[in-house]
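S.K.: First the structure, then my questions, so here it is.
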Amino acid sequence: MAQDDIFKKIIAHSKEYGFIFQSSEIYDGLGAVYDYAQNGVELKNNIKKYWWDSMVKLNENIVGIDSAIFMHPEIWKASGHVGAFNDPLIDNKDSKKRYRADVLIEDYIGKLEEKIEKEVKKGIKKFGESFDEEQFRATNPNVLRNKTKIDEVQKRFVSALEANDLDEIRNIIIDLKINCPMSGTCNWTEVRQFNLMFDTKLGSVADDANTIYLRPETAQGIFVNYLNVQKTGRMKLPFGIAQIGKAFRNEIVARQFIFRMREFEQMEMQFFVRPGEEMEWYEKWMETRLKWHKALGFDQENYRFHKHDKLAHYANAASDIEFKFPFGFKEVEGIHSRTDFDLSQHQEHSGKKLQYFDPETNKNYVPYVVETSIGLDRMFLLTLSAAYKEEKLDNGEIRVVLRIPPALAPVKLAVLPLTKKDGMPDKAREIMNELKLDFNCQYEEKDSIGRRYRRQDAIGTPYCITVDHQTLEDNTVTLRDRDTMAQERIAIEDLYDILNNKVNIKTLLKEVL
Ligand code: GAP
């Protein structure tokens with residue numbers, strides 16, 4: 001099936017099974033703003049817990065905070081967001097559609113990369129076991145041609161970005177003959193910069209009111225609290241501060257469902273280190289974060305690092321962890337070595353010292369920072385994209401199943417009486433009342449057992465237990481596994497231990513220890 005079709009199915013599935021709704025749907029929606037529905041919010045909370053526990057619980061030197069969304073407006077001048085948090089936008093004069101100029105060029109490069117991968121796949125198919133991929137990539141004329149082209153475009157693009165040369169960015173688009181996907185023409189306007197921050201007014205009297213901003217990243221709430229946390233927590237370098245919270249960006253082009261939203265959530269951790277040790281920690285956090293992703297057990301081939309050629313104004317090194325979404329490899333998380341840029345800027349703008357006294361060296365200095373920053377909504381989309389499967393069964397039927405890692409699944413267990421008679425519902429309720437204290441359970445008695453299994457598969461419930469005639473005689477139930485569809489007879493008294501071993505978040509945390 002074409003990847004586009006799969007993506008459309010995932011979006012439709014998200015709505016049909018109560019994961020995500022368009023915000024303000026009955027008013028025809030609000031662009032790039034979404035609501036999490038009954039199953040979505042559970043999955044989202046579980047992802048948050050996996051992240052939070054991996055950071056704050058597993059690391060003695062990382063603590064969490066929850067800072068306010070509104071902050072002093074000077075913060076955004078200090079951080080560079082008022083002056084430089086811009087995206088270059090371009091309009092097609094025929095379709096009147098607006099695009100991010102940088103994304104048009106990045107997508108063009110992405111297509112060349114896809115061509116290379118297709119060529120490699122052809123090679124694997126043709127030569128089988130004897131295929132030497134490294135040699136193939138170094139010698140195949142089609143691969144080399146596309147690689148040279150990528151390097152040329154990238155070089156030109158990076159120097160245009162570094163020089164903030166908007167005319168050159170437009171020239172690249174024209175020279176590469178990048179057409180508007182809607183009109184198919186290359187009739188482009190000039191490229192303009194567009195600031196992504198939302199502003200509003202604080203105060204009741206219009207004239208006196210201050211312009212303040214909805215935070216475009218959670219990180220600044222950490223920076224401005226760094227010394228408070230360090231002192232009150234008696235933290236010693238290296239140490240980290242983690243935060244999960246909403247961020248807001250007035251994205252010019254917000255497509256691809258929850259991939260690029262105007263209101264979204266970030267899970268960020270700023271790790272404060274001695275100057276000069278930042279590269280070591282940057283490498284370490286890259287490795288740690290990739291391990292966190294891979295522990296979920298999705299196809300390991302679908303992750304890769306992308307090193308930034310053009311660095312943000314605050315960074316001396318940066319990489320993204322990319323995941324292969326149905327629309328290609330895209331960023332899920334960024335790991336940035338942010339130097340002492342932010343703390344030094346806040347020190348200057350606030351007039352308050354933000355130095356750390358190092359008892360080992362007896363010196364005062366502004367720490368350097370390595371940041372890990374992951375979009376919660378993107379992580380949610382990653383989970384759905386990786387988990388969504390359409391499987392052909394032996395009887396020819398297709399079952400749609402979300403193979404969500406059990407620890408993240410919204411519902412852990414469905415309790416199903418085989419029929420509504422003979423006291424089976426009462427027994428099922430009794431079991432559920434006990435287990436719901438520990439697990440998110442669902443009780444269902446409507447429709448055939450087969451249809452109920454399918455509904456649970458579709459929301460990713462890892463286990464179903466069925467209460468039948470035998471249960472009433474010997475206190476056993478059948479436990480059905482979502483992935484294998486195998487059923488086992490289990491004593492009711494053993495259910496807690498069996499389930500706990502499989503669905504507890506501990507199963508994931510052990511992998512990242
Ligand atoms: N503090 C650094 C920072 O904010 P970023 O690369 O701009 O860096 C970090 O954002 C992560 O936040 C991204 O990797 C992505 O997962 C998520 N993110 C950024 N913009 C987003 C948007 N408009 N919608 C959803 N997620 C977004």
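S.K.: Quick test for you: out of ARG255, ARG192, ARG249, pick the one residue that is surrounded by fewer than 17 Cβ atoms within 10 Å (Cβ to Cβ) and within 13 Å of the ligand (Cβ to nearest atom). Step through it out loud before you land on a result.
M.R.: Working: ARG192 fails: within 13 Å of the ligand (Cβ to nearest atom); ARG249 fails: surrounded by fewer than 17 Cβ atoms within 10 Å (Cβ to Cβ).
Sole residue among the options that is surrounded by fewer than 17 Cβ atoms within 10 Å (Cβ to Cβ) and within 13 Å of the ligand (Cβ to nearest atom): ARG255.
S.K.: Okay, next question. Within the range 288-332, which residues are free of Cβ contacts under 8 Å to residues at least 24 places away in the same chain, within 26 Å of ILE6 (Cα to Cα) and within 14 Å of the ligand (Cβ to nearest atom)?
M.R.: Across the range 288-332, the qualifying residues are TYR303, PHE305, ASP320, GLU322.
S.K.: Also, quick follow-up: From the list ASP438, ASP483, ASP457, pick out the single residue that is in a helix (DSSP H, G or I) and either without any contact (Cβ under 8 Å) to a residue 24 or more places away in the chain or at negative phi (or both).
M.R.: On the way: ASP438 fails: in a helix (DSSP H, G or I); ASP483 fails: in a helix (DSSP H, G or I).
Sole residue among the options that is in a helix (DSSP H, G or I) and either without any contact (Cβ under 8 Å) to a residue 24 or more places away in the chain or at negative phi (or both): ASP457.
S.K.: Let me ask another. Filter the range 113-133 down to residues that are more than 31 Å from the chain's Cα centre (by Cα) and open to solvent by 70 Å² or more (accessible area, probe 1.4 Å), then give me how many there are.
M.R.: Initial filter on the range 113-133 (more than 31 Å from the chain's Cα centre (by Cα)): 122-132.
Now restrict to residues that are open to solvent by 70 Å² or more (accessible area, probe 1.4 Å): 122, 124-127, 129-130, 132.
Within the range 113-133, residues that are more than 31 Å from the chain's Cα centre (by Cα) and open to solvent by 70 Å² or more (accessible area, probe 1.4 Å) number 8.
S.K.: Here's another thing I want to ask about it. Looking at the range 494-513 only, could you name the residues that are farther than 19 Å from ASN59 by Cα and open to solvent by less than 30 Å² (accessible area, probe 1.4 Å)?
M.R.: LEU495, LEU499, VAL503
S.K.: Further question on the same structure: Would you call GLN355 open to solvent by 40 Å² or more (accessible area, probe 1.4 Å) and over 21 Å from PHE259 (Cα atoms)? Before you say what the answer is, go through the steps one by one.
M.R.: Numbers: open to solvent by 40 Å² or more (accessible area, probe 1.4 Å): yes; over 21 Å from PHE259 (Cα atoms): yes.
Criteria met by GLN355.
S.K.: Confirm whether GLN266 is within 11 Å of the ligand (Cβ to nearest atom) and either closer than 23 Å to LYS352 by Cβ or open to solvent by 30 Å² or more (accessible area, probe 1.4 Å) (or both). Reasoning before the result, please.
M.R.: Numbers: within 11 Å of the ligand (Cβ to nearest atom): yes; either closer than 23 Å to LYS352 by Cβ or open to solvent by 30 Å² or more (accessible area, probe 1.4 Å) (or both): no.
It is false that GLN266 is within 11 Å of the ligand (Cβ to nearest atom) and either closer than 23 Å to LYS352 by Cβ or open to solvent by 30 Å² or more (accessible area, probe 1.4 Å) (or both).
S.K.: Here's another thing I want to ask about it. Please specify each residue of the range 87-101 satisfying the condition of being within 22 Å of the chain's Cα centre (by Cα) and open to solvent by 20 Å² or more (accessible area, probe 1.4 Å).
M.R.: The initial filter retains those residues of the range 87-101 that are within 22 Å of the chain's Cα centre (by Cα), namely 87, 100.
Across the range 87-101, the qualifying residue is only ARG100.
So that you can scan it fast, the table gives a plain yes or no per residue for (1) assigned to a loop (DSSP other than H, G, I, E, B); (2) within 16 Å of the ligand (Cβ to nearest atom); (3) closer than 30 Å to ARG289 by Cα; (4) open to solvent by 40 Å² or more (accessible area, probe 1.4 Å):
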{"position": "LYS177", "(1), (2), (3), (4)": "yes, no, no, yes"}
{"position": "CYS186", "(1), (2), (3), (4)": "yes, no, no, yes"}
{"position": "GLN220", "(1), (2), (3), (4)": "no, yes, yes, no"}
{"position": "ASN228", "(1), (2), (3), (4)": "no, no, yes, yes"}
{"position": "LYS231", "(1), (2), (3), (4)": "no, no, yes, yes"}
{"position": "ARG234", "(1), (2), (3), (4)": "yes, no, yes, yes"}
{"position": "LEU237", "(1), (2), (3), (4)": "yes, no, yes, no"}
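The values are calculated or read from the model by the stated rules, or taken from the named source; none is laboratory data. Model, not experiment: these values are computed from the prediction. Because the Cβ atoms are built from the backbone with ideal geometry, glycine has one as well, and the counts that use them run over all protein chains shown. Surface accessibility is based on the protein's heavy atoms, side chains included, excluding ligands, DNA and RNA. Shrake-Rupley method; radii C 1.70, N 1.55, O 1.52, S 1.80 Å.
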